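Working notes, structure below.
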Amino acid sequence: MISVTIYRVKLVEFGACSRGLELFDAIAARVRMAGACWEWTGATSGSGYGRIKRSAKNHQVHRLMYETCYGPIPLGMVVCHRCDNRLCVSPEHLFAGTASDNMRDCASKGRLMAQKDPSRLPHGETHKHARLTHADVEMIRALLTSGASARGLAREYGVSDRTIRNIRDRRKWRRTSATGYLERDAEGAQ
Ligand SMILES: [Zn+2]
């Protein structure tokens, strides 16, 4: 376990740029210690990750923290948690893995139970091919708007490039006014 203050000193020692330190400080100002975790106390996305707005764009806080401390996320990799705490942004608990590493990790921790028992999911997320929650879809749209690549997101979320493009073009998923949930759009059915 490492404190925010000590980690910051390390970052300075390792030559972090002022922009990186500024971002680190912005994130660190909104975490609380929860055991060894640095738990984000700000806004969260529907999928349970911390969310922060920077330059008018939404970002996942753990991904920003990873990049601040370790550099760019390698192509095709996602940022995973060692600690199974999605709100945690401790750099020591974050690592880059493949989307399937992340899925395996989730599965081993029972987080995918809802997928095994679709009755737990709201209508619109029950289709046998649906792997994304409406919160995921919203996050994907936000990330696409902020310039993320469809291919990178496809890897990150473990779906096909086509699924991401369909989300971008709003072919596959749409919000229904009646339920507020996203439903498969017949037009975009694969
Ligand atoms: Zn943690």
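Just so you know, all these numbers are worked out from the coordinates, no wet-lab data involved. Please read all numbers here as calculations on a predicted model, not as lab measurements. A quick note on method: Cβ atoms are made from the backbone with ideal geometry, for glycine too, and the neighbour counts reach across all protein chains shown.
For ALA43 and ARG168, compute 0.36 nm times the residue count separating them, minus their Cα-Cα distance, and round to one decimal in nm. Numbers along the way, then the final one.
Values: separation 125, 0.36 × 125 = 45.00 nm, distance 2.37 nm.
Length gained between ALA43 and ARG168: 42.6 nm.
Please compute the Kirkwood hydrodynamic radius over the range 1-90, one decimal place, Å, based on all pairs of different Cα atoms.
In the range 1-90 this quantity evaluates to 13.4 Å.
Under the definition of Cα pairs under 8 Å and six or more residues apart, what whole-number percent is the relative contact order of the range 7-111? If you can, show how the numbers build up before the last one.
Working: 129 pairs, mean separation 22.2, N = 105.
Contact order relative to length: 21 percent.
Per residue of the range 55-68, in order, report the coupling 6.51 cos²θ - 1.76 cosθ + 1.60 (Karplus, θ = phi - 60°) as ³J(HN,Hα) in whole Hz, putting x for Gly and Pro.
6, 6, 10, 7, 10, 7, 5, 5, 5, 5, 5, 4, 5, 4
At a Förster radius of 25 Å, what calculated FRET efficiency corresponds to the Cβ-Cβ distance of GLU13 and ARG54, to the nearest 0.05? Show your work: numbers first, answer last.
Details: r = 25 Å, r/R0 = 1.00.
With R0 = 25 Å, the Cβ-Cβ based efficiency is 0.50.
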